[in-house]
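As structure tokens, the structure follows; a few thoughts come after it.
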Amino acid sequence: MDQIISNIGLLFEFPVVNLKILIDGIMIGALFALAAYGLALVWGVMNVKNLAQGDFVIAGGYVAWSMVQVGIHPFLGIPAAFVVMWGIGWLTYKLVIKRVIERDLFTSLLATFGLAIMFAQIMNLLFGSDTQSIDLGYATLHLGPGGFVDVPISKLIGVIVALSLAFGVILFMKRSRMGQAIRATAQDARAARVLGIDTDKVYAFTFSLNSAICGAAGAIIVMAWVIQPFYGITYSIRAFVIVTAAGLGNLPGVIAAGLGIGALEQYGAHIFGIGYQQAVAVLLLLFILFIRLLQQRRNRQVLQ
């Protein structure tokens, strides 16, 4: 308890610490938001809760890492991971996900949980259990009084790419014909079929896009942080927290929730210790679910 109080005191005694925590939180939160983007699409359009979301992220990271091992520039690993994971997502939809759409919640959770285990084990067999990363060799910016706040340029570039991709998806959803078909299917799949929309094609495209977005996020993560075959669950948990907080269909809200959760986790790590960083996300999820439950009960009482 004394250590916790001391850590809280540092935030007030040295305000620059808050700047460092916020910058770190925003950088990692942008990648959380990107991973949650795809989950929001799949959940909102197909009503599939994808527990393998984080494993798609890690798989994309290994695609980019493998490209570097054969001499390809790291930044080319981002589009490569996008394309490869698109193909994996399409194949996964055809073999597994297509069969769980419009099924009960337990079926989709069980199917995607099995996918998560399978992906993790395949990556472990192919790449081993050691952590991997890509060293871009870029310098570090020193900000704040006395240069106390370190901002690696590689992470800064990763945030810019992640936010650019996120806004690109928003524009695609608003202005393209496929984006309009996806939104129509999300609102009412049966009505969309009546209007001539091929919902199976929309579902396949949506899940493939989700997988590709995760792949790009993983390619950025391996250049700024580290990946390991069994790290997928950490990104899955954050994605569920972000989507639950932002709500389905609220893609700008996903960005805001991702940045906010990233900052909260960094504050939690500073105050309680790095070992409790992920616990902050879990507690936040439980809190959000509790608030949503209270809101539903109030709505029922009004209807009665």
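Structure above, values below:
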read-out	value
Flag if A181 is assigned to a helix (DSSP H, G or I), within 18 Å of A40 (Cα to Cα) and in contact (Cβ under 8 Å) with a residue 40 or more places away in the chain	no
Qualifying residue in the stretch 235-248 (condition: touching a residue at least 24 places away in the same chain (Cβ under 8 Å), out of contact with any Pro (no Cβ under 8 Å at 6 or more places or on another chain) and not in a helix (DSSP H, G or I))	yes
All positions within the stretch 187-230 that are of a type outside the set (V, I, T), surrounded by fewer than 17 Cβ atoms within 10 Å (Cβ to Cβ) and assigned to a helix (DSSP H, G or I)	Q187, R190, A191, R193, D200, K201
Test: residue in the stretch 262-275 that is under 15 Å from G54 (Cα atoms), assigned to a helix (DSSP H, G or I) and not aromatic (F, W, Y)	no
Residue check, L293 surrounded by 14 or more Cβ atoms within 10 Å (Cβ to Cβ) and more than 16 Å from K49 (Cα to Cα)	no
Qualifying positions in the stretch 245-280 - at pLDDT below 75 and buried (at least 20 other Cβ atoms within 10 Å of the Cβ)	L251
Sole exception among (1) in contact (Cβ under 8 Å) with a residue 12 or more places away in the chain; (2) out of contact with any Phe, Trp or Tyr (no Cβ under 7 Å at 6 or more places or on another chain); (3) closer than 22 Å to V42 by Cα for G253, by number	(1)
Any hit, the stretch 166-173, residues being assigned to a strand (DSSP E or B), surrounded by 12 or more Cβ atoms within 10 Å (Cβ to Cβ), at pLDDT 85 or above and not hydroxyl-bearing (S, T, Y)	no
Scan of the stretch 260-287 for residues that are closer than 14 Å to F240 by Cα, in contact (Cβ under 8 Å) with a residue 12 or more places away in the chain and of a type in the set (A, V, I, L, M), ordered by number	I261, V280, A281, V282, L284, L285
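Conditions tested, residue by residue: (1) of a type in the set (S, T, Y); (2) over 30 Å from V68 (Cα atoms).
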{"position": "M118", "(1), (2)": "no, no"}
{"position": "M123", "(1), (2)": "no, no"}
{"position": "L141", "(1), (2)": "no, no"}
{"position": "P152", "(1), (2)": "no, no"}
{"position": "I160", "(1), (2)": "no, no"}
{"position": "F172", "(1), (2)": "no, no"}
{"position": "T185", "(1), (2)": "yes, yes"}
{"position": "T199", "(1), (2)": "yes, yes"}
{"position": "V202", "(1), (2)": "no, yes"}
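The values are calculated or read from the model by the stated rules, or taken from the named source; none is laboratory data. Fair warning: this is a prediction, and the values are worked out from it, not measured in the lab. Methodologically, a virtual Cβ is constructed for each residue, glycine included, from the backbone with ideal geometry; neighbour enumeration extends over all protein chains shown.
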